[in-house]
Amino acid sequence: MTGLPDGGSPPRVVVVGGGVSGLAAAHRLRTTLGDAAEIVVLESTRVLGGKLAAVELGGLRVDVGAEAFLARRPEASDRLVELGLADDLVHPSAASSGIRAGGATHAMPKRTVMGVPADPPAVGSLLSDAGRAALTADDELGPVTWTGDDSVGGLVRARLGDEVADRLVDPLLGGVYSGRADALGIRATVPALAAALDRDPSSLVAAARAALPAGTTLPGPVFGTLRTSLADLPPALAVAARADVRLARTVTSLERHGTGWRVVAAGPAGTEVLDADAVVLAVPAPALRRLLADVAPVAASAAAGIELASSAVVALALPPDTDLGARSGVLIGSGERRPDGTPWTIKAVTVSSVKWPHLVGEDAVVVRASIGRFGENETLQRDDDELVTAARADLAVLLDLHAEPLETVVARWGGGLPQYGVGHGGTVARLESALPDGLAVAGAALHGVGVPACLATGDAAAARIADHVTSHVRGTLAP
């Protein structure tokens, strides 16, 4: 454990934001700075966890925010081991997912990079004759005109045709970012493909092939979660951080105070003023812009360029004898239509009790539908009952699922997912490089929206703050 040199009082660090990124930062600050450091976490809502949230539904504990993490990145699995939660780690069943393309549901194609085919014949059944012809023309177009970053949809349309963009790439990106392929940048959302194009821009299909790992399969499961729900990770981080957690505190201002910082927050008892040696801001981009406006205007301007998408999750508890089919879920592209020609309300469904064996209960099984893409604000303005009705109508058509729910819940995530547009990496670099000493940022707005990426930003923020505190603040920390 690293500590501070002797002399003076222990440092105080304020972490603004009690989601997984902020709590990861608090936990890593504790393990780095030791027992004597004072770590205060301010969270604007009345519960920790941010977009990691769960409810009791049909006698089961069901995630209604993020439900899993990418197990092939080490950050989440390693953190669960560190927190003593490894025994609760579970992985999905062997059931495969599907994709709605061209008015029909297909098995999720293999050997694609976020929908960009590495093996054109493997996706042929999802395309029309014209779509297959456009895909195979990639080799005849000459080298990819590669600027270093382009919209995923724009480049795919130019090289592989509209159908590949609409039927393959858009559903996958929509499932991860609640965004649209034409507005998301390759460099930030499909970095392996961007790196392959950097090395060899001869063709987009060849780049997708090069971006895939060698061999036909990767070892180990792709995803993981906690048997008790992924929402248990944030409180476990908070407990391990031994932080002074203060809920229902909205930070209204941040300013320089001597050699440190002054944080002003509105809470149940009125205004609170906290002086700190350093601050971590683990908040969405609009809050970053607001809090940094006076103390780091260049960073604030960069944060202002990160847009957000809103979404909702409709979770249904169904009778235990409901036939859920064999698929673990289905993704739907933004341009797809129901058989009657009307748009789908949902963009994806997770058949939770097929995907996760621990979510098969004696009294219920569970299905989750996701609603909302960037720019679809009108859809989310419906009330909860209307969203449930619309989701059920879609599920009846998509999965032949007509069972009357035993219980339903709607979780809304206003501004829940940042949109990684073209040039997002440069935007984040400007933001981070313009931060003054003693300030750090963390969260999904930076280097990835998944749990492992958020944990990594929390750890990086903690490392920056620990270095600042160790270098500039004299204190005594217990080993």
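The values are calculated or read from the model by the stated rules, or taken from the named source; none is laboratory data. Remember, it's a predicted structure, so these values are computed and weren't measured experimentally. As a convention, Cβ positions derive from the backbone with ideal geometry for all residues, glycine included, and neighbour counts pool all protein chains shown.
At-a-glance table
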quantity: Failed item, numbered, when V222 is tested on (1) modelled with pLDDT of 95 or more; (2) in contact with a Pro (Cβ under 9 Å, 6 or more places away or on another chain); calculated: (1)
quantity: Flag if V295 is modelled with pLDDT of 95 or more and in a strand (DSSP E or B); calculated: no
quantity: Cross-chain or 6+ apart pairs with Cβ under 6 Å, region 401-415 first and within 30 Å of L308 (Cβ to Cβ), then among the polar types (S, T, N, Q) and in a strand (DSSP E or B); calculated: W413/S311; G414/S310; G415/S310
quantity: Count - residues of region 344-363 that are outside any loop (DSSP other than H, G, I, E, B) and in contact with a helix residue (DSSP H, G or I) (Cβ under 9 Å, 6 or more places away or on another chain); calculated: 8
quantity: Subset of region 163-222 (residues that are hydroxyl-bearing (S, T, Y) and either assigned to a helix (DSSP H, G or I) or not assigned by TED's automatic domain parsing to the domain that holds D139 (or both)); calculated: Y177, T189, T216, T217
quantity: All positions within region 226-253 that are in contact with a strand residue (DSSP E or B) (Cβ under 6 Å, 6 or more places away or on another chain) and in a strand (DSSP E or B); calculated: D244, V245, R246, T250, V251, T252, S253
quantity: Complete set of residues in region 316-345 that are in contact with a strand residue (DSSP E or B) (Cβ under 8 Å, 6 or more places away or on another chain), closer than 27 Å to P221 by Cα and among the hydrophobic types (A, V, I, L, M, F, W, C); calculated: L316, A317, L324, V330, L331, I332
quantity: Top-ranked residue of region 10-35 - restricted to ones that are closer than 17 Å to G260 by Cβ and assigned to a loop (DSSP other than H, G, I, E, B), ranked as modelled with the lowest pLDDT; calculated: P10
quantity: Failed condition for G443, given (1) assigned by TED's automatic domain parsing to the domain that holds R28; (2) out of contact with any Asp or Glu (no Cβ under 8 Å at 6 or more places or on another chain); (3) without any contact (Cβ under 8 Å) to a residue 24 or more places away in the chain; calculated: (3)
quantity: Test: residue in region 401-420 that is surrounded by fewer than 19 Cβ atoms within 10 Å (Cβ to Cβ) and in a helix (DSSP H, G or I); calculated: no
quantity: Meets criteria (buried (at least 20 other Cβ atoms within 10 Å of the Cβ), of a type outside the set (K, R) and out of contact with any strand residue (DSSP E or B) (no Cβ under 6 Å at 6 or more places or on another chain)) for T427; calculated: yes
quantity: Answer from A396, A460 - the residue that is without any contact (Cβ under 8 Å) to a residue 24 or more places away in the chain and under 23 Å from L230 (Cα atoms); calculated: A460
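Conditions tested, residue by residue: (1) closer than 30 Å to E376 by Cβ; (2) of a type in the set (D, E, K, R); (3) touching a strand residue (DSSP E or B) at 6+ places or on another chain (Cβ under 9 Å).
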position: E404; (1), (2), (3): yes, yes, yes
position: A411; (1), (2), (3): yes, no, yes
position: Y420; (1), (2), (3): yes, no, yes
position: D437; (1), (2), (3): no, yes, yes
position: L455; (1), (2), (3): yes, no, yes
position: A460; (1), (2), (3): no, no, yes
